[in-house]
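Student: The structure that follows is given in the form of structure tokens.
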Amino acid sequence: MSIGVSTPGSSSALFAPKLLTVLREGYGLTALRADVVAGLTVAIVALPLSMAIAIASGTGPERGLFTAIVGGFLISALGGSRFQVGGPAGAFIVLVAACVERHGVEGMLLATLLAGLFLTLAGALRLGTFIKFIPYPVTVGFTAGIAVIILASQVKDLLGLSLAGKEPGPLIAKIEALIPALPTISPAAVAVALLVVGLILGLKRLRPTWPGMLIAVAVASVAAGLLGLPVETIGSRFGGIPSMLPAPRLPDLSWTKVEAVLPDAVAFALLGAIESLLSAVVADGMTGRRHRSNCELVAQGFANIGAALFGGIPATGTIARTATNVRAGARSPVAGMLHSAFLLGFMLLAAPLAAYIPLAALAGVLVLVAWNMAEKHEFAALLRSSRGDAVVLLATFGLTVFRDLAEGIVVGFALGAALFIHRMSMATGVEERLPLVPPDRVDTVDPRQPYDPTLATDRNVVVYRLSGAFFFGTASTIGAVLDRIADERKAFVIDFSAVPFIDSTAANVIAGIGRKAGRHGIRVFVTGATPVVRHALLQAGARRPHVRYLPRIEDAVRVAHAAANGA
């Protein structure tokens with residue numbers, strides 16, 4: 001039995017999982033050993049992190065594990081990256097918590113399922129390439145905003161505060177509720193959190209290859225138990241975690257419920273697409289490989305559908321786990337699949353131990369996650385780079401923190417696009433001058449066209465030289481310049497040799513100028529247009545008898561001069 005090889009540009013190649021590519025290339029025992037080590041390493045990192053993210057999202061810790069096991073396995077098995085590792089992500093904490101508060105856990109599961117369908121559709125429509133065009137200030141802005149919100153969400157457990165009522169979701173309301181509760185601070189909770197943070201940072205510095213998060217949480221749990229510290233644990237709040245996966249089931253699919261959670265589903269899908277593709281790009285940079293963005297989106301879609309069926313929260317590729325996977329020596333997607341298998345093994349064998357984990361310990365883990373994801377240096381650099389980038393960055397950051405993540409991304413993207421259009425329009429120019437013919441040209445270059453000095457001084461012919469992209473953002477300005485047709489001119493030449501791109505708006509401007517020139521008896525010549533630019537102009541109606549195309553300025557000037565003098 002033979003397996004057909006797809007050509008690089010074919011649809012099957014675009015959507016073929018990297019696991020299939022690895023198996024076609026040949027997968028041996030050496031690669032498997034490397035993937036086992038990497039998978040175990042990532043599982044050790046993902047274990048406390050998955051539970052911490054789920055708790056911070058307003059759900060039980062087991063849902064984070066369900067997501068890492070089911071969603072993580074599908075992301076690696078079906079994805080377009082060799083090294084992507086998926087599961088619950090800190091970036092989703094804000095969105096999931098808000099969704100749970102508005103629609104309950106069932107509504108969150110439905111939103112996750114719908115997000116999976118949207119992601120699968122986006123990949124099938126090959127939208128992965130366009131999602132990567134999110135401006136960098138927008139990415140830094142919403143990532144920093146998410147970090148601030150995660151940090152704020154952990155203050156209660158970090159300090160062991162007792163609130164009079166339910167903790168609010170919005171940042172300002174949260175702060176207003178936390179400040180009066182400060183007198184209830186628990187020294188034991190603070191000590192546990194500081195122990196975790198100190199151990200993680202110390203091990204990262206002294207023993208960077210050791211699983212600092214898991215060691216810190218384990219030490220804190222043992223210390224809290226032996227010393228009898230009065231701190232809240234997973235067991236005291238949630239009653240522990242189950243020792244097996246639940247049976248898959250569909251959430252409530254009533255049309256009313258679908259309409260209610262649709263905005264949340266769109267937000268889950270958008271953030272999942274951005275996070276996963278950014279993570280895949282990071283893996284590409286670390287390994288020199290290239291991921292398949294549309295295949296990756298399809299895999300993310302199936303992963304979220306699977307996570308929802310098994311009671312999990314939204315899944316996406318995560319930079320921290322993916323980078324850990326690469327550094328641990330992973331060779332293929334098998335490492336990510338094994339990471340899920342190891343997590344399942346932990347849940348089956350050691351679930352009762354999770355009940356002793358202090359919530360303050362997990363809060364300490366998430367505080368460091370928020371600190372690391374804040375991209376502080378990039379934030380400061382963008383503030384100094386330019387006024388436009390700073391505006392986009394601060395708008396995205398402010399809306400993410402004080403309004404809504406999806407709103408921050410949309411507004412930031414719109415501002416970034418407007419800034420790009422402005423910069424492109426500033427880089428596009430039009431230069432007006434009389435014909436320029438090289439005065440020192442050697443006759444032997446082209447003996448059939450000897451130099452005619454009258455061509456360089458013919459005031460009846462004017463040349464417009466365009467430069468840069470000619471599109472809707474510049475069409476109005478350049479069109480106004482070109483439209484100033486003086487009655488004494490007999491012809492003018494528009495040189496497109498420095499124009500790499502023209503859109504329909506700009507092409508219609510040229511067609512309109514040609515028609516107006518024709519009514520005045522003025523000849524219009526277009527020179528230097530590439531086949532693509534010429535096609536766009538012809539499609540817009542810039543054709544004979546109003547517009548004539550010639551390869552060079554000199555050719556157009558010669559024809560115009562001859563016509564003006566009755567030759």
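Student: Out of the residues in region 196-211 meeting the condition of being without any contact (Cβ under 8 Å) to a residue 40 or more places away in the chain and not in a loop (DSSP other than H, G, I, E, B), tell me which one is farthest from Thr41 (Cα to Cα). So that I can check it myself, show each step before the final result.
Tutor: As a first pass, look at region 196-211 and keep what is without any contact (Cβ under 8 Å) to a residue 40 or more places away in the chain: 198-199, 202-210.
The next check asks that each one be not in a loop (DSSP other than H, G, I, E, B); those that pass are 198-199, 202-206.
On the way: Gly198: 21, Leu199: 18, Gly202: 19, Leu203: 15, Lys204: 14, Arg205: 18, Leu206: 18 Å.
Among those that are without any contact (Cβ under 8 Å) to a residue 40 or more places away in the chain and not in a loop (DSSP other than H, G, I, E, B), it is Gly198.
Student: Separate question: So how many residues does region 322-360 have that are over 22 Å from Ser76 (Cβ atoms), touching an Asp or Glu at 6+ places or on another chain (Cβ under 9 Å) and buried (at least 21 other Cβ atoms within 10 Å of the Cβ)?
Tutor: 4
Student: Filter region 212-231 for residues that are within 17 Å of Val42 (Cβ to Cβ), in contact (Cβ under 8 Å) with a residue 24 or more places away in the chain and surrounded by fewer than 21 Cβ atoms within 10 Å (Cβ to Cβ) and give the result.
Tutor: Result: Leu214, single match.
Student: I need the full set of residues from region 250-294 which are among the hydroxyl-bearing types (Ser, Thr, Tyr), surrounded by 14 or more Cβ atoms within 10 Å (Cβ to Cβ) and more than 15 Å from Gly90 (Cα to Cα), in order please. First the steps, then the outcome.
Tutor: So in region 250-294, the residues among the hydroxyl-bearing types (Ser, Thr, Tyr) come out as 254, 256, 276, 279, 287, 293.
Then keep just the ones that are surrounded by 14 or more Cβ atoms within 10 Å (Cβ to Cβ); that gives 276, 279, 287, 293.
Passing the criteria: Thr287, Ser293.
Student: Could I ask something else about it? Under 8 Å between Cβ atoms, which residue pairs at least 6 apart in sequence (or on different chains) link something in region 316-339 that is under 18 Å from Arg290 (Cα atoms) and without any contact (Cβ under 8 Å) to a residue 60 or more places away in the chain with a partner that is part of a helix (DSSP H, G or I) and of a type in the set (S, T, N, Q)?
Tutor: Partner pairs satisfying both residue conditions: Ile319/Ser279.
The rows are residues; the columns are (1) assigned to a helix (DSSP H, G or I); (2) out of contact with any His (no Cβ under 6 Å at 6 or more places or on another chain); (3) surrounded by fewer than 17 Cβ atoms within 10 Å (Cβ to Cβ).
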site	(1), (2), (3)
Leu114	yes, yes, no
Leu119	yes, yes, no
Thr129	yes, yes, yes
Gly165	no, yes, yes
Lys174	yes, yes, no
Pro180	yes, yes, yes
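Student: Another question, then. Report, by residue number, each residue of region 354-368 that is part of a helix (DSSP H, G or I) and hydrophobic (A, V, I, L, M, F, W, C). Can you show your working first?
Tutor: Filtering region 354-368 down to residues part of a helix (DSSP H, G or I) leaves 354-356, 359-368.
Across region 354-368, the qualifying residues are Ala354, Ala355, Leu359, Ala360, Ala361, Leu362, Ala363, Val365, Leu366, Val367, Leu368.
Student: Right, something else. Which condition from (1) at pLDDT 90 or above; (2) in contact with a His (Cβ under 8 Å, 6 or more places away or on another chain); (3) not charged (D, E, K, R) is the one that Phe73 breaks?
Tutor: All conditions pass for Phe73, except number (2).
Student: Looking only at region 501-533, how many residues end up being out of contact with any strand residue (DSSP E or B) (no Cβ under 9 Å at 6 or more places or on another chain) and not in a helix (DSSP H, G or I)?
Tutor: Here the count works out to 2.
Student: Give the residues of region 79-112 that are buried (at least 24 other Cβ atoms within 10 Å of the Cβ), touching an Asp or Glu at 6+ places or on another chain (Cβ under 8 Å), more than 16 Å from Gly317 (Cα to Cα) and modelled with pLDDT under 90, sorted by residue number.
Tutor: Leu95
Student: Restricting to region 369-412, give me the number of residues that are assigned to a helix (DSSP H, G or I), under 25 Å from Pro88 (Cβ atoms) and not β-branched (Val, Ile, Thr).
Tutor: Just the residues of region 369-412 that are assigned to a helix (DSSP H, G or I), to begin with: 369-373, 376-385, 387-402, 405-412.
In the following step, the residues that additionally are under 25 Å from Pro88 (Cβ atoms) were identified as 369-373, 376, 378-379, 396-397, 399-402, 405-410, 412.
Narrowing further to those that are not β-branched (Val, Ile, Thr): 370-373, 376, 378-379, 397, 399, 402, 405-408, 412.
So the answer is 15.
The values are calculated or read from the model by the stated rules, or taken from the named source; none is laboratory data. Everything quoted here is computed from the prediction, not taken from an experiment. Don't worry about glycine lacking a Cβ; one is built from the backbone with ideal geometry, like all the others, and counts go over all protein chains shown.
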